[in-house]
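Engineer: Input: one structure, supplied below.
The values are calculated or read from the model by the stated rules, or taken from the named source; none is laboratory data. What you see is a predicted model; the values in this text were computed from it and never measured. With ideal geometry, Cβ positions are generated from the backbone for all residues, glycine too; neighbour counts draw on all protein chains shown. Just the protein is used for accessible areas: all its heavy atoms, side chains included, with ligands, DNA and RNA removed. Shrake-Rupley method; radii C 1.70, N 1.55, O 1.52, S 1.80 Å.
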Amino acid sequence: MTKTTLIQSVSRVFSEQWGYSAAQLVQAPVVLSIMGSTLELDDGLSLSCALDYQVVAAAALREDNLFRIIHLDDLSHADVFAMDMPISLLADSEWANDVRQVVKELQSVGYPFFGVDVVIGHNVPSDLPVDRRMSTNVVIAQLLKTLYALPLTQQQIAFAAQKALKVRRSEIGNMNDAFVAAESLSHHGLMIDARSQQITPMVLPESMSLMVLMPQLPTQETMTWNDWRQDCQHIARFMGVKAVRDMTPYMFDTQKGLLEGKVVKHIHHIMAENDRTQSLVQALKYNDFSHVGEILTLANNDYCYAFELNDSDQDILAHLVTDTVNGLGGARVMNCGEQLIVVAIVPTESIEAIKHNIAESYESITGISVNYVVNSASKGAGKVSMVEMATAA
């Protein structure tokens, strides 16, 4: 579903369900991590982009205190609650509870709300393993900011979205996704320092595309986000530092003999990711695409060594992509949610050649199909523009 079709769908369903037209439409993109997905794990750096897939909400204010919302994925069940009563969570609706929690978070800091009608939907491909829930939280916070003209910065929207998800999941939510979904610029990624929360925009030239490759394989057991966090906290305590990023190479080399072998490889990978993240941002800044390819290949090889994925299907695909573009860009294996995928930054003009080579040199040999997402870096949360609304009309 295109963004235009999504806007049309939420607008149409709003009119059908509530009997009048929406007054506002807002959107928030989903987020893809490219490098350094160790944000909040080692107080480190990360580089992510907002993809051109969105969660879109159509809404209007009501004259009473009811909040009514319908999701395009669940049209038979509207969630209704009163804004002037304590907001409880439901036993059987994850998406509705996420929405309720965002409202509660913004109420808790003193913003008074009245009634609202909402229809929400997304156009994210079902096999793209990105976190739609964080984007849903961001779009609800953005919606309330827009409807009530709240004096919220985009960073405050990100904090509210992240805090709501943290409460819902009983774990630390990924602040990286919240920042990027709320604050990204078109054709830019964001490098984020988890410790200082400094955000550095990074231009992704229009001549380059983001490509995600997803071989259709059985679900593989991978380290979860909380597994990573626990490893980092354990090692930091063992080394007597605040976080992994505070470890020096000398400190690590002199103490690693006391650690279990796999943990040594994992922590070495995390330490190296911080340096690679900074290097990748600089290479993209100067359009040094051969250096981009070198950094992505190094990240791929390091990740596959650390997690014993050398010669895996994903590793083979990453090298095949890099070989196809002759080093002008590249690809790496990453853990996205609980799924291993390949993320690439490649010349847009090379996309068809990449698909052809994968079909000839991988799919035809292994019998394993590969799904693709080709995208550009999108803007963060905000109102749906008049041009977009006119196009969808």
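Engineer: With the Cα gyration tensor of region 265-343 giving a ≥ b ≥ c as the square roots of its eigenvalues, does the rule (a/c under 1.5 for rounded; else a/b larger than b/c for prolate; else oblate) give rounded, prolate or oblate?
Structural biologist: Values: a/c = 2.05, a/b = 1.22, b/c = 1.67.
Oblate.
Engineer: Where the accessible area of region 284-393 is counted over protein heavy atoms with a 1.4 Å probe, how much of it, in %, is carbon and sulfur? Please report the intermediate quantities before stating the final value.
Structural biologist: Numbers: 2620 of 5000 Å².
That fraction is 52 percent.
Engineer: Could you tell me the accessible area of Phe159 in Å² (1.4 Å probe, neighbours in place), rounded to the nearest ten?
Structural biologist: Per-residue accessible area (Phe159): approximately 70 Å².
Engineer: So, in the chain, how many Lys pairs have Cα atoms under 27 Å apart, if the pair is 8 or more places apart or on different chains?
Structural biologist: 25
Engineer: What are the membrane-span-like helices in the chain by this rule: whole DSSP H runs, Cα extent along the axis at least 30 Å, mean Kyte-Doolittle hydropathy at least -1.0? Don't jump to the answer; show the numbers that get you there.
Structural biologist: Working: long enough: 261-285 (36 Å, -0.42).
Within the chain the helices that satisfy the rule are 261-285.
Engineer: If I ignore ligands, DNA and RNA and count only protein heavy atoms, how much of Ser279 is accessible to a 1.4 Å probe, in Å² to the nearest 10?
Structural biologist: Estimated to the nearest 10 Å², Ser279 gives 50 Å².
Engineer: Then there's this: What is region 234-393's relative contact order, in percent, from Cα pairs under 8 angstrom and six or more apart in sequence? Can you show the working numbers first?
Structural biologist: Values: 146 pairs, mean separation 22.7, N = 160.
Worked out over region 234-393, it gives 14 percent.
Engineer: Let me ask another. Evaluate the relative contact order of the chain (contact order divided by residue number), counting alpha-carbon pairs under 8 angstrom at least 6 apart; express in whole percent. Before the final figure, lay out each step's value.
Structural biologist: On the way: 770 pairs, mean separation 89.5, N = 393.
Normalised by residue count, the contact order of the chain is 23 percent.
Engineer: Over the chain, give the accessible area per residue in Å² for a 1.4 Å probe, as an integer. Spell out each step's value before the answer.
Structural biologist: On the way: 16570 Å² over 393 residues.
Spelled out: the 1.4 Å probe surface of the chain, per residue, equals 42 Å².
Engineer: About its Cα centre, how strong a charge dipole does the chain have in debye, to the nearest 20, once Lys and Arg get +1 and Asp and Glu get -1 at the Cβ?
Structural biologist: On the way: 27 positive and 45 negative charges, 226 e Å.
Magnitude of the dipole: close to 1080 debye.
Engineer: Separate question: Shape verdict for region 196-287, please, from the Cα gyration tensor: rounded (a/c under 1.5), prolate (a/b greater than b/c) or oblate.
Structural biologist: The shape class here is oblate.
Engineer: Based solely on its DSSP helices, what 222 nm [θ] is calculated for the chain when runs of n ≥ 4 H residues each add -39,500 (n - 2.57) and the sum is averaged over all residues, nearest 500 deg cm²/dmol? Before the final figure, lay out each step's value.
Structural biologist: Numbers: 12 runs with 165 residues, N = 393.
Mean residue ellipticity, 222 nm, calculated: -13500 deg cm²/dmol.
Engineer: If you don't mind, another one. Just to confirm my numbers, what's the Cα centroid distance between region 1-72 and region 266-286 in Å?
Structural biologist: With region 1-72 and region 266-286 each reduced to a Cα centre, they are spaced 31 Å.
Engineer: Within 10 Å of each candidate Cβ there may be at most 16 other Cβ atoms; applying that plus a DSSP loop requirement, which trypsin sites (Lys or Arg not before Pro) in region 20-124 survive?
Structural biologist: On the way: sites: Arg62, Arg68, Arg100, Lys104; in loops: Arg62.
Answer by residue number: Arg62.
Engineer: Only bridges whose two residues both fall in the chain count here: according to DSSP, what percent of them are antiparallel, nearest 5? Let's see the in-between values first.
Structural biologist: Details: 52 of 57 bridges.
The antiparallel fraction comes to roughly 90 percent.
Engineer: Could you rank the peptides 72-83, 191-202 by their average count of other C-beta atoms within 10 Å per residue, with the highest value first?
Structural biologist: Values: 72-83: 13.4, 191-202: 16.2.
Highest mean packing first, the order is 191-202, 72-83.
Engineer: Hey, how many Å between the Cα centroid of region 81-137 and the Cα centroid of region 304-383?
Structural biologist: About 33 Å separates the Cα centre of region 81-137 from the one of region 304-383.
Engineer: Compute, for Thr254, the solvent-accessible surface of its heavy atoms (probe 1.4 Å) with the complete set of protein chains present, and express it in square angstrom to the nearest 10.
Structural biologist: Ignoring ligands and nucleic acids, Thr254 comes out at about 70 Å².
Engineer: Using a 1.4 angstrom probe on the protein heavy atoms only, could you order Tyr362, Tyr372 from most to least accessible area?
Structural biologist: On the way: Tyr362 5, Tyr372 65 Å².
From most accessible down to least: Tyr372, Tyr362.
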